[in-house]
Every structure is written in structure tokens, then in C-alpha cells.
Amino acid sequence: MGLKKIAIISAYDEWSEVYSAAFKAKVEELGAKVSIHEVVNLDTSDFKTVITKIKNAKAEVVLGALFSGALVSWIKQSRELGYAGTLLSGDGISENEIQEAGLNNSEGLYASQIWVTDPTLAKLYQEKFGQKSDGLNLSFVSIGFDTLKCLSALKHVLERQGLDFNSETVRSGLLDFKCAGSNGEFSISRDRLSNKREKIVVVKAGKFNLVD
């Protein structure tokens, strides 16, 4: 995007903290500067003070590492208070939140999302449920299927090793574990990073659109 002055709003929440920290590290690596980072409670509904600080800091883009009601409130109030910069969200946003925040307020918002476009999976989904699915909903189906399939495969591996199937053995057993999923191979490295990567989408007319 070529933007240099970044603001972050995160919450007192593990996902939000991890997501915003990773975002901050990446944008600074790319030469941008995080000029302001505000942390709020998960149930925050009034962002007026935070948004005013961001406007005064002349931030060109804001990441809202939020979800649910707080995410909706932040999007709505950002536009209502005249913030004209770019809004970014993590994968905590759905099209339901877009509708709640208002189409005009959400227009042009960027987010990272899981996104599956496999035509075979799309065809199977339509045959099963009698309707088409977009890349986001298809991704949830894919993740659900792959989770059950891979955990079942891991269970058999642990049993062959004489180990119980519990949270501890699953946690350690997943490291370097590979499984053929519905959308390609799934694996988790020793540093607990998945080989799967999210896509960047942008909101247009109330719908997610994949950014090329």
C-alpha cells in the first residue's frame, strides 16, 4: 500500500495480542512505523478517545485486532468521526459484522482471511447442501473436515506408540505432523507455525473479495 504511519488497536486477549505483535513486527520490517498502539478491553464499545488519538497522530492506516461487538463499534465510529484512512482487520471479521457496521462504513476495509477456492470442494458443497458457497464459508467447511481427519490420523499414530490421546500428547504430537487435507497437505513446524497461509480480502458492496 505504500503507507508509512500505522496505528494498532488490540484487546486484552491472547489472539489479539499475538496477531497485533506479528503485524507490528512485519510492518516495521517493511519500513513502516507504528506511531500509536492502543489496548482496550474485549467488551469496549466507545472508541471515540482512541480514534481521536489516531487522527491526531495522522496515522494512514489502522489495524483493529478486534472481534464481535468491539470490532463493529470501532469500524462504525471510525467513519462517523471522520477517519478517512485505511482500516485493516484480522480474521475475526465476518460478513455479519460488515452488515452490522454498515456497508458504507465497511467499504474498502482489508482483512486477512482463510480462503478456499478449490472447484472440486465447491461442487461437493453445492451437491450436499443445495447452494453455492463463497471462499470464506468453504474454508470453514475445509478446516472442520481437516481437523477431524488429521486428529483421527494422529490418534492412530499415538495409539501405535502406546500413548494416550489427550491434550498433552496431541500438543506435542502435532509438531512436525503432516496430514493430507481437503485443500492440500497440512503441517505444523517445531516452532508451532502452520504451513497454511491466509489470503488478503477487501470489502466491496458488503462482500469479501480476494485481493490478487
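Every number here is computed from the coordinates shown, using simple stated rules; none is lab data. What you see is a predicted model; the values in this text were computed from it and never measured. Using ideal geometry, Cβ is built from the backbone for each residue, glycine included, and neighbour counts are taken over all protein chains shown.
One decimal place: the segment Arg171-Asn56 gains 36.9 nm when fully extended, by the rule 0.36 nm per residue minus the C-alpha distance.
Compute the long axis of helix 14-29 from its Cα atoms, compare it with the longest principal axis of the Cα atoms of the chain, and write down the angle in degrees, 0 to 90, nearest 10. Helix 14-29 sits at roughly 70 degrees to that axis.
Axis of helix 119-129 versus longest Cα principal axis of the chain: the two differ by about 90°, to the nearest ten degrees.
Just want to confirm a number: the relative contact order over the range 119-187, from Cα pairs under 8 angstrom separated by 6+ residues, in percent. The partial results should precede the final answer.
On the way: 44 pairs, mean separation 17.5, N = 69.
Value for the range 119-187: 25 percent.
To the nearest ten degrees, helix 68-80 and the longest principal axis of the Cα atoms of the chain are 30 degrees apart. Label positions at Ala205 and Asp164, each projected 7 Å from the Cα along the C-beta direction, are separated by 5.6 nm. Pairs exceeding a 19 Å alpha-carbon distance, out of Lys149/Lys196; Lys5/Lys53; Lys76/Lys207; Lys48/Lys207: Lys48/Lys207. Averaging the sequence gap over all C-alpha pairs within less than 8 Å and six or more residues apart, then dividing by the number of residues, gives the chain a relative contact order of 16 percent. The phi-based Karplus calculation (6.51 cos²θ - 1.76 cosθ + 1.60; θ = phi - 60°) puts the 3J(HN,Hα) values of the range 57-63 at 7, 6, 5, 7, 8, 10, 8 Hz, whole numbers, x for Gly and Pro.
Residue-wise HN-Hα couplings along the range 84-94, as the Karplus relation 6.51 cos²θ - 1.76 cosθ + 1.60 with θ = phi - 60° gives them from phi, are 9, x, 7, 9, 10, 9, x, 7, x, 10, 10 Hz; Gly and Pro carry x.
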